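Inspection log for the structure reproduced underneath, given as structure tokens.
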Amino acid sequence: QVQLVESGGGLVQAGGSLRLSCAASGRTFSSYAMGWFRQAPGKEREFVAVISWSGGSTYYADSVKGRFTISRDNAKNTMYLQMNSLKPEDTAVYYCAAKPSYYRVDDAYSREGLYDYWGQGTQVTVSS
């Protein structure tokens with residue numbers, strides 16, 4: 001199996017930035033599309049962003065477009081989420097997920113049911 005571990009969460013004030021990391025181990029990392037999801041208290045888990053196995057295509061939720069950037073470094077078996085211009089509504093536990101895929105990504109990858117592997121999550125809190 002693939003093991004995923006998120007890190008980089010913390011407390012930041014509105015307008016600030018934070019960079020999350022997702023380290024993968026186990027099976028071949030480069031053959032997986034990798035996504036970020038988040039879940040706020042009392043809400044359903046929601047899609048944030050996804051990146052293809054090659055890093056050549058990305059797709060973002062409308063709520064984070066222009067503010068968040070997803071990237072990956074397959075040599076390091078690590079995926080990143082750079083979060084800028086953070087808002088209080090970004091407060092949530094952020095999870096990384098992996099799906100075996102060689103294809104470019106699109107809105108179809110926003111469905112959490114497509115992903116086979118999940119990390120334990122990292123807390124992001126944005127204060128006003």
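The values are calculated or read from the model by the stated rules, or taken from the named source; none is laboratory data. Bear in mind the structure is a predicted one, so any value in this text is a computation, not a measurement. Cβ: placed from backbone, ideal geometry, glycine included. Neighbour counts: every protein chain shown. The area values use the complete protein model at the heavy-atom level, side chains included, leaving out ligands, DNA and RNA. Shrake-Rupley method; radii C 1.70, N 1.55, O 1.52, S 1.80 Å.
So the values come out like this:
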| item | result |
| --- | --- |
| Residues satisfying the stated conditions in segment 1-33, i.e. among the hydroxyl-bearing types (Ser, Thr, Tyr) and within 18 Å of Val64 (Cα to Cα) | Ser17, Ser21 |
| Single residue of segment 30-75 satisfying the filter (farther than 15 Å from Ala98 by Cα and β-branched (Val, Ile, Thr)) that is most open to solvent (accessible area, probe 1.4 Å) | Thr69 |
| Residue check for Asn84: surrounded by 14 or more Cβ atoms within 10 Å (Cβ to Cβ) and modelled with pLDDT under 95 | no |
| Residues of segment 58-82 classified as touching a Ser or Thr at 6+ places or on another chain (Cβ under 6 Å) and of a type in the set (Lys, Arg), total | 1 |
| Selection status of Ala92, of a type outside the set (S, T, N, Q) and over 19 Å from Gly16 (Cα atoms) | no |
| Enumeration of residues in segment 107-128 that are in a helix (DSSP H, G or I), in contact (Cβ under 8 Å) with a residue 24 or more places away in the chain, of a type outside the set (Asp, Glu) and surrounded by fewer than 21 Cβ atoms within 10 Å (Cβ to Cβ) | Ser110 |
| For Arg27: the one exception among (1) open to solvent by 60 Å² or more (accessible area, probe 1.4 Å); (2) at pLDDT 95 or above; (3) of a type in the set (D, E, K, R) | (2) |
| Of all residues in segment 68-106 being in contact with a helix residue (DSSP H, G or I) (Cβ under 8 Å, 6 or more places away or on another chain) and part of a loop (DSSP other than H, G, I, E, B), the one that is nearest to Arg45 (Cα to Cα) | Ser101 |
| Residues of segment 44-60 satisfying the condition of being touching a residue at least 12 places away in the same chain (Cβ under 8 Å) and more than 23 Å from Asn74 (Cα to Cα) | Arg45, Glu46 |
| Extreme residue, most open to solvent (accessible area, probe 1.4 Å), among residues of segment 3-24 that are within 23 Å of Arg104 (Cα to Cα) and either at pLDDT 95 or above or within 12 Å of the chain's Cα centre (by Cα) (or both) | Ala23 |
